[in-house]
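For reference, the structure is listed below as structure tokens.
The values are calculated or read from the model by the stated rules, or taken from the named source; none is laboratory data. Model, not experiment: these values are computed from the prediction. Neighbour counts are summed over all protein chains in view; Cβ atoms, including those assigned to glycine, are modelled from backbone coordinates with ideal geometry. All accessible areas refer to the heavy atoms of the entire protein, side chains included, with ligands and DNA or RNA removed. Shrake-Rupley method; radii C 1.70, N 1.55, O 1.52, S 1.80 Å.
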Amino acid sequence: MMKRIVWALGALMVAGATSAQDIDHLRAEFSVLLNGDKTRGVNILNIDRNKDRYHVHFSLAHWLLDVEQKASFTWKDCTAVPETFSYKAKALGVRREERLVFDAKTQMVLYQGKEGDTLLSTKDGAFDSVSFFFEARCDLMAGKTSFTYPVVRDDEIKKVTFNVVGKEVVNTGIGSFESLIVERDRGNSKRRTRFWVAPELDYQLVQISHDENRQLSVTVTLDKLSYTLVDEPTTLAEHQTTQQTGQLPSNR
């Protein structure tokens with residue numbers, strides 16, 4: 001279960017429907033509640049852009065779990081083309097590593113995990129667990145309320161569907177934001193995963209919650225944020241944060 005939460009947290013990122021809304025750089029920190037209690041740990045997300053290529057790095061240092069997750073992909077006209085994805089974790093002395101290598105020319109992806117290597121066809125499309133969130137943000141900005149993406153999970157490609165189910169104000173470390181509630185469609189499963197997306201923060205995800213069962217729930221909330229836009233590197237982001245908190249964000 002923790003792996004699912006980490007993958008979701010690593011997806012707390014932004015993309016853009018037009019070049020004026022693309023992110024040039026982002027650094028964010030998050031707080032984590034486990035069954036309602038705040039946990040100790042450092043959770044950091046970095047996003048860097050080099051022309052049409054994005055590099056995403058998420059790290060979590062926690063007393064239960066150490067995780068590092070990286071993704072690289074190209075991005076143009078609301079279309080992500082994944083290149084590489086890696087996941088490393090250590091929990092209770094147990095290590096796990098996975099890697100994806102995409103080849104757009106052959107329309108294949110190589111999955112490398114503890115059980116060995118697996119080649120999968122991507123001719124019908126496929127994303128890693130990070131890049132598809134960029135396209136999801138574009139779909140939200142376009143007004144869509146339901147969307148499905150093919151995502152490589154473990155050694156297979158699975159269809160992942162999300163639906164907008166409402167709105168709610170979310171209190172974060174940088175202010176309160178009215179947010180869209182996006183829920184993953186899990187059919188009849190009692191497990192529930194929800195994402196809160198703030199239009200005032202350029203449709204970034206500001207909170208995630210996952211209820212595995214009655215005994216286990218996790219909530220991840222944005223705590224600190226510094227980011228610049230491609231065509232408006234500081235003005236828009238400063239205005240939005242000032243509007244919510246009364247002060248400018250740090251490290252700009």
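Answer with yes or no whether THR148 is assigned to a strand (DSSP E or B), free of Cβ contacts under 8 Å to residues at least 40 places away in the same chain and more than 27 Å from ASP223 (Cβ to Cβ). When the stated conditions are applied, THR148 passes them. Put simply, of SER209, SER176, SER189 the only residue that is assigned to a strand (DSSP E or B), out of contact with any Lys or Arg (no Cβ under 9 Å at 6 or more places or on another chain) and open to solvent by less than 60 Å² (accessible area, probe 1.4 Å) is SER176. Just to be sure, is ARG95 surrounded by fewer than 16 Cβ atoms within 10 Å (Cβ to Cβ) and over 21 Å from ILE208 (Cβ atoms)? It is true that ARG95 is surrounded by fewer than 16 Cβ atoms within 10 Å (Cβ to Cβ) and over 21 Å from ILE208 (Cβ atoms).
Name every residue in the range 158-173 that is among the aliphatic types (A, V, I, L, M) and open to solvent by less than 60 Å² (accessible area, probe 1.4 Å), in order of residue number. Spell out how you get there, then give the answer.
So in the range 158-173, the residues among the aliphatic types (A, V, I, L, M) come out as 160, 164-165, 169-170.
Passing the criteria: VAL160, VAL164, VAL170.
Does THR221 fit the bill of being at negative phi, surrounded by 15 or more Cβ atoms within 10 Å (Cβ to Cβ) and under 15 Å from the mean Cα position of the chain (by Cα)? Steps first, answer last, please.
Details: at negative phi: yes; surrounded by 15 or more Cβ atoms within 10 Å (Cβ to Cβ): yes; under 15 Å from the mean Cα position of the chain (by Cα): yes.
Yes: the conditions hold for THR221.
Screening the range 99-130 for residues that are within 17 Å of PHE58 (Cβ to Cβ) and touching a residue at least 40 places away in the same chain (Cβ under 8 Å) and picking the one that is surrounded by the fewest Cβ atoms within 10 Å (Cβ to Cβ) gives LEU100.
Could you list all residues from the range 140-157 that are under 15 Å from the mean Cα position of the chain (by Cα) and either open to solvent by 60 Å² or more (accessible area, probe 1.4 Å) or over 16 Å from GLU83 (Cα atoms) (or both)? Within the range 140-157, LEU140, TYR149 qualify.
Please find, within the range 15-43, the residue that is modelled with the lowest pLDDT out of those that are of a type in the set (A, V, I, L, M) and open to solvent by less than 30 Å² (accessible area, probe 1.4 Å). In this case the residue turns out to be ALA15.
Cβ-Cβ contacts under 8 Å between residues 6 or more apart (or on different chains), taken from a first residue in the range 155-180 that is closer than 17 Å to SER31 by Cβ to a second residue that is β-branched (Val, Ile, Thr) and open to solvent by 80 Å² or more (accessible area, probe 1.4 Å), are listed as SER176/VAL169; PHE177/VAL169; SER179/VAL169.
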